[in-house]
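Encoded as structure tokens, the structure appears first; notes follow it.
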Amino acid sequence: MDSVSGSNGTVQPKSYWRCSKQDFFPEESFKNWGTYRYALSQIWFRFKDRLVSRSHDANELGELRKQSENDMKRCLNWWDLTWFGFGAVIGAEFAVEIPVAGGSFAYLRVELGDFAAFITAGNILLESIIGSAAVARAWTSYFTTLLNRPSNSLRIHTNLKDGYNLLDPIAVVVLAIASTIAMISTRKTSYLNWIASAINTIVILFVIIAGFAHADTSNLTPFLPYGAKGIFQAAAIVYFAYGGFDNIATMAEETKNPSRDIPLGLLGSMSLITIIYCLMALSLSMMQKYTDIDPNAAYSVAFQSVGMKWAKYLVALGALKGMTTVLLVGALGQGRYTTHIARAHMIPPWFALVHPKTGTPINATLLITISSACIAFFSSLDVLADLLSVSTLFIFMMMAVALLVRRYYVTGVTPPTNLSKLVILLLIIIASSMGTSACWGLNPNGWVSYTITIPLWFFGTLGIAVLLPQQRTPKVWGVPLVPWLPSLSIATNLFLMGSLGADAFIRFGICTIVMLVYYVLFGLHATYDMAHGQNSPEPTKVTEANSIGSAGP
């Protein structure tokens, strides 16, 4: 814990519950246009020189962690992480190589630099806030089902705009309770997650078995009522559920053996969840016609429709336990995301502080919880889901780009010609993927455009595989089939983004503009790297900074 000198010359520890200018605005403001212009020039300089300035693994693992003053407690193993992933429903290689609390933000900061990391940080915070709010709203719906009341009966009806007119105080209370538990102790939260997830597993098995027992195969006709486009639209909307797996990566700093525990926890929970999702969706679709499924409490109403009225209470109880664990794991992971973002000074470093007794980031957790509570109180579930999906897909797409950069580019090692090839080929992959998505959105049944966009994606990926040698190999565990698998991830995420409605992109665009304004006015000069002279204006020092500690593992 950091300390300060007292009036009598003694050294006294800093109080965790403090509030000073240094804690919120530690960097000097721009004093004149010249310094502001220099900061702007750094973005362009870094982009030309090395795909926007990159932080270094050692910096993320060491210096930035000191910003929290106290360490998080290493108390988790692969079993805890598996159940956290199971309770939360990609970053597996990054979490092993860079085991810090920042998850995808930390990885993108290392590989793509401050600007890309800042935009991603804004989307991570947006995803965290909206995700918790969406789950809390759903919690209220299932709670009313458990009480045998209409889904909106416990919400306050107002004359506000549709989608924002049902106020939800219960969601606020649930968020507050979940975050309080997460702030008290990571280990105790893990124990509670075990118990709740085990109970929820029993309920899930019951739902699947009972659902197939009352299945009517005629309900599957027509099998694709909305065609392939409907499948992709639905996949894009529910995709945010898999964002919970990134919460496992954010807990790498509290994991005893990240190189072993994180891959086991990620792959184990992801495999289980995917199988369960498919079985539950199939049982629901056969138990009740798709036109009759209740969007707020689907399984409870479905069991009631087949004469198992008593089962709806069991399902509602299981759903409540499941969503409670989502909120618990979310509170843990989101707080750690925010902590690392604050360590980089992209938001005030006050939110990076770790409490000396609990070993948890209380300030960061409170930021997400209060923001989520405000949104959950006003916004309906459908409004939240679309915007959340856009942010999640964008982050996962950026992660795939960062993985390719990490494998094929090392500062001071990769020749400039290879760097140029990598940038061009990445742009081809991204542009062709966006083109495929646009073609699907404008004319799903057309095929001529695909004969251009898909080959471009293929040859762009083939170019990376054939023309560029990998500059870095994973130390312990790595993503297979590079560059093909990351390139496919880029294409898939962009394709699913194109399947979402226009309203989601309008909201996403507004949020992005707000982020850019904040970055230009504050974040540009407030980041840790800029403030601590890691990119000095003198050419000799810049060259030296670029060559030291960048070769990586």
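The values are calculated or read from the model by the stated rules, or taken from the named source; none is laboratory data. All figures in this text were calculated on a predicted structure; none of them were measured in a lab. Here Cβ is always computed from backbone atoms with ideal geometry, including for glycine, and neighbour counts include all displayed protein chains. Surface areas here come from the heavy atoms of the whole protein model, side chains and all, with no ligands, DNA or RNA. Shrake-Rupley method; radii C 1.70, N 1.55, O 1.52, S 1.80 Å.
Could you please put H157, H214, H355 in sequence from largest to smallest accessible area, using a 1.4 Å probe?
Values: H157 125, H214 75, H355 30 Å².
Correct descending sequence by accessible area is H157, H214, H355.
Which entries of K188/K475; K161/K321; K188/K256; K289/K309; K256/K321 have Cα-Cα distances beyond 20 Å here?
Details: K188/K475 32 Å; K161/K321 31 Å; K188/K256 16 Å; K289/K309 17 Å; K256/K321 28 Å.
Over 20 Å Cα-Cα: K188/K475; K161/K321; K256/K321.
Can you work out the Karplus-derived ³J(HN,Hα) for every residue in region 324-334? Use 6.51 cos²θ - 1.76 cosθ + 1.60 with θ = phi - 60°, whole Hz, and x for glycine or proline.
Whole-Hz 3J(HN,Hα) from phi for region 324-334: 5, 5, 4, 5, 5, 5, x, 4, 5, x, 5.
Arranged from highest to lowest average of other beta-carbon atoms within 10 Å per residue, in what order do the peptides 320-331, 507-518, 361-372 appear?
Output ranking for 320-331, 507-518, 361-372: 320-331, 361-372, 507-518.
Roughly how many Å² of F522 are accessible to a 1.4 Å probe, to the nearest 10?
The accessible area comes out at roughly 40 Å².
What does the net charge come to around I368 if you take all other residues with beta carbon closer than 13 Å to its beta carbon, with K and R at +1 and D and E at -1?
Details: positive: R336; negative: E127.
Summing Lys and Arg as +1 and Asp and Glu as -1 gives 0.
At a 1.4 Å probe radius, which order do K289, K312, K256 fall into by accessible area, largest first?
Final ranking, largest accessible area leading: K256, K289, K312.
In terms of the Cα gyration tensor, with a ≥ b ≥ c the square roots of its eigenvalues, is region 116-208 rounded because a/c is under 1.5, prolate because a/b exceeds b/c, or oblate?
Since a/c reaches 1.5 but b/c is at least a/b, the shape of region 116-208 is classed as oblate.
Over region 252-376, what percent of the accessible surface lies on carbon and sulfur atoms, probe 1.4 Å?
Within region 252-376, the accessible surface is 70 percent carbon and sulfur.
Once amide H atoms are built 1.01 Å from N in the peptide plane, which residues 5 or more positions from L154, or in another chain, come under 5 Å H to H?
So L154 has HN proximity to no qualifying residue.
Working with all protein chains in place, sort F143, F459 by solvent-accessible area computed with a 1.4 Å probe, largest first.
From most exposed to least exposed: F459, F143.
Around P469, under 15 Å between beta carbons, what's the net of Lys plus Arg minus Asp minus Glu among the other residues? Kindly include the intermediate steps, with their values, before the conclusion.
Numbers: positive: R406, R407, K421, R472; negative: none.
So the environment of P469 carries a net charge of +4.
How much length is gained if the chain between D292 and N219 is pulled fully straight, taking 0.36 nm per residue apart and subtracting their Cα-Cα distance, in nm to one decimal?
Numbers: separation 73, 0.36 × 73 = 26.28 nm, distance 1.04 nm.
Roughly 25.2 nm would be gained on extension.
Name the residues of region 438-459 whose amide N is less than 13 Å from a point 7 angstrom out from the Cα of A502 along the C-beta direction?
Residues 442 qualify, since their backbone N sits under 13 Å from the label point.
Suppose the chain between A235 and N445 were pulled fully straight at 0.36 nm per residue; how much longer would it get relative to their current alpha carbon spacing? The partial results should precede the final answer.
Working: separation 210, 0.36 × 210 = 75.60 nm, distance 1.89 nm.
My answer for the length gained is 73.7 nm.
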